[in-house]
Amino acid sequence: MEEDYTLFFRGNVQFEGEPLPDVVITIEGPGGFSSTVQTDADGRWEVGVPEKVVYTVTLDEETLPEGVVVAEGGATREAEFGQTSNASVNFFLGEGQRVTQNIWSQVLDRAVTGLNFGLLLALASIGLSLIFGTTGLSNFAHAEMVTFGALMMLTFSVYVGWPVWLAIIMAVVLSAALGWVLDAGLWKPLRRRGVAIVPLMIVSIGLSLAMRYTFQFFYGGTTQQLPGATIPPTIILGPISLSWIDVLSMGVSIVALLAFGYFLTRTRIGKATRAVSDNPSLASASGIDVDGVIRIVWVLGALLAGISGILFAYYRPGVSWDMGFQLLLLIFAAVTLGGLGTAFGALVGSLIVGLFVELSTLWLPSDLKYVGALVVLILVLLFRPQGILGRRERIG
């Protein structure tokens, strides 16, 4: 509850020296934190928050008196604490005509944001889908691969102080190495012993818990920012507001997805991967090294998950020990929606989930946007159980 917090944002909303009561202020932060408050009769407001990270503070201009607008700095701004447990956030008001976006402008802006989210979600979903296709394993620890990429980026860019581009390369390389280590040290020995799929899934749940709380032990429970993560939008294209980070994120996602698509469809190893995914026994009988292909799939899946984690840390923004777990249900939703075991289906499912998550905020509270995506998943599977691009399987 808010009274249990020891950190507070405070402010005073006045116009020409007169306090303005009943003005709505919203504070949003990492991990889905959101709190809304109204100014009192003296124009004052106060909101308690759980940790010292960057928050987004928004003044609802619709609750200002007629003819009063936010004159400087905008109605939304980033705020954080200094050395004290209190921070002031004030808005500069003036006379003016309030400009509001119509519903179609809001839809367009949210759709672009949803496309960005869907693309980074696709990077994680494709890796999970390929692992399922080649091994039959629903890997719950895939969420921690996403977190690992973001934490490595934080380590080398913030703690070590390397340039951002070098930290990204190191984080991606280490993510790929994590996939190799997990397969060589855990999954391949279990496959050789003939462990069934259900016990393997239970092992992945245990691995997920172990990795997640190991991350918390070494990095703490707070949310930390990557360099440049809080840069405000500077690219305005009509109703669309983007930062250069958003543009780079979408560019990196598209390039990575195109490169991966080329790998699957044009290279010998990629074709072997698809063969193993379709029928491992037949692929083995054809002379394909199934274990070698699965090893490559684990490396590539972890690499894509690491890139997704870095991009998600900029999208949120912030790096935390459980950030990948927050995406896990959406990743499974995207994979199932597109069709289990199909990489291109995971891409389609991710784009649908990303768009729906963001567009749903026009009608639903932001806390419920992930729930809406799962409702869409249930509705689609009721009418097409194999997913959008999945093949209908005969059981029994």
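The values are calculated or read from the model by the stated rules, or taken from the named source; none is laboratory data. None of these values were measured; they are calculated from a predicted model. Here Cβ is always computed from backbone atoms with ideal geometry, including for glycine, and neighbour counts include all displayed protein chains. Note: accessible area is taken over every heavy atom of the protein model, side chains too, but ligands, DNA and RNA are not part of it. Shrake-Rupley method; radii C 1.70, N 1.55, O 1.52, S 1.80 Å.
Within the span defined as the range 355-372, one or more residues are under 22 Å from ILE254 (Cα atoms), at pLDDT 75 or above and of a type outside the set (A, V, I, L, M, F, W, C). Restrict the check to the range 243-254 and report whether at least one residue is at pLDDT below 90 and more than 22 Å from the chain's Cα centre (by Cα). No, there is no match, as no residue in the range 243-254 is at pLDDT below 90 and more than 22 Å from the chain's Cα centre (by Cα). Within the range 28-56, the residues that satisfy the criterion of being without any contact (Cβ under 8 Å) to a residue 40 or more places away in the chain and part of a strand (DSSP E or B) are PHE33, SER35, THR36, VAL37, GLN38, ARG44, TRP45, GLU46, THR56.
Out of all the residues in the range 171-182, is one or more over 22 Å from VAL252 (Cβ atoms), part of a helix (DSSP H, G or I) and either in contact with a helix residue (DSSP H, G or I) (Cβ under 6 Å, 6 or more places away or on another chain) or open to solvent by 60 Å² or more (accessible area, probe 1.4 Å) (or both)? Scanning the range 171-182 turns up at least one residue that is over 22 Å from VAL252 (Cβ atoms), part of a helix (DSSP H, G or I) and either in contact with a helix residue (DSSP H, G or I) (Cβ under 6 Å, 6 or more places away or on another chain) or open to solvent by 60 Å² or more (accessible area, probe 1.4 Å) (or both). A Cβ distance below 6 Å, combined with a sequence gap of six or more or placement on separate chains, defines the contacts here; from the range 15-26, residues that are touching a residue at least 12 places away in the same chain (Cβ under 8 Å) and under 7 Å from GLN38 (Cα atoms) reach residues that are crowded, with 16+ Cβ neighbours inside 10 Å and of a type outside the set (S, T, N, Q) in the pairs VAL23/VAL13; ILE25/VAL37; ILE25/TRP45; ILE25/LEU59. Checking GLY136, GLY118 one by one, the residue that is open to solvent by less than 30 Å² (accessible area, probe 1.4 Å), farther than 20 Å from SER208 by Cβ and in contact (Cβ under 8 Å) with a residue 60 or more places away in the chain is GLY118 and no other.
Quick check on my filter: what residues within the range 9-54 are surrounded by fewer than 17 Cβ atoms within 10 Å (Cβ to Cβ) and touching a Lys or Arg at 6+ places or on another chain (Cβ under 8 Å)? Of everything in the range 9-54, those that are surrounded by fewer than 17 Cβ atoms within 10 Å (Cβ to Cβ) and touching a Lys or Arg at 6+ places or on another chain (Cβ under 8 Å) turn out to be ARG10, ASN12, PRO19, ARG44, GLU46. The listed residues are ALA184, ALA196, ALA167, and the only one of them that is more than 13 Å from HIS142 (Cα to Cα), touching a residue at least 12 places away in the same chain (Cβ under 8 Å) and more than 24 Å from the chain's Cα centre (by Cα) turns out to be ALA184.
Taking the criterion of being β-branched (Val, Ile, Thr) and farther than 22 Å from ALA229 by Cβ, the residues of the range 48-78 that qualify are THR63, VAL68, VAL69, VAL70. Entry remark, the range 233-258: residues being within 15 Å of PHE344 (Cα to Cα) and either open to solvent by less than 60 Å² (accessible area, probe 1.4 Å) or among the basic types (Lys, Arg) (or both) number 3 in total. Within the range 147-168, the set of residues being in a helix (DSSP H, G or I), among the hydrophobic types (A, V, I, L, M, F, W, C) and touching a helix residue (DSSP H, G or I) at 6+ places or on another chain (Cβ under 9 Å) comprises PHE148, ALA150, LEU151, MET152, MET153, LEU154, PHE156, VAL158, VAL164, LEU166, ALA167, ILE168. Pairing residues of the range 220-236 that are over 20 Å from GLY324 (Cβ atoms) and modelled with pLDDT of 85 or more with residues that are of a type in the set (A, V, I, L, M) and not in a loop (DSSP other than H, G, I, E, B), at Cβ distances under 8 Å and at least 6 apart in sequence or on separate chains, gives PRO227/VAL158; PRO227/VAL164.
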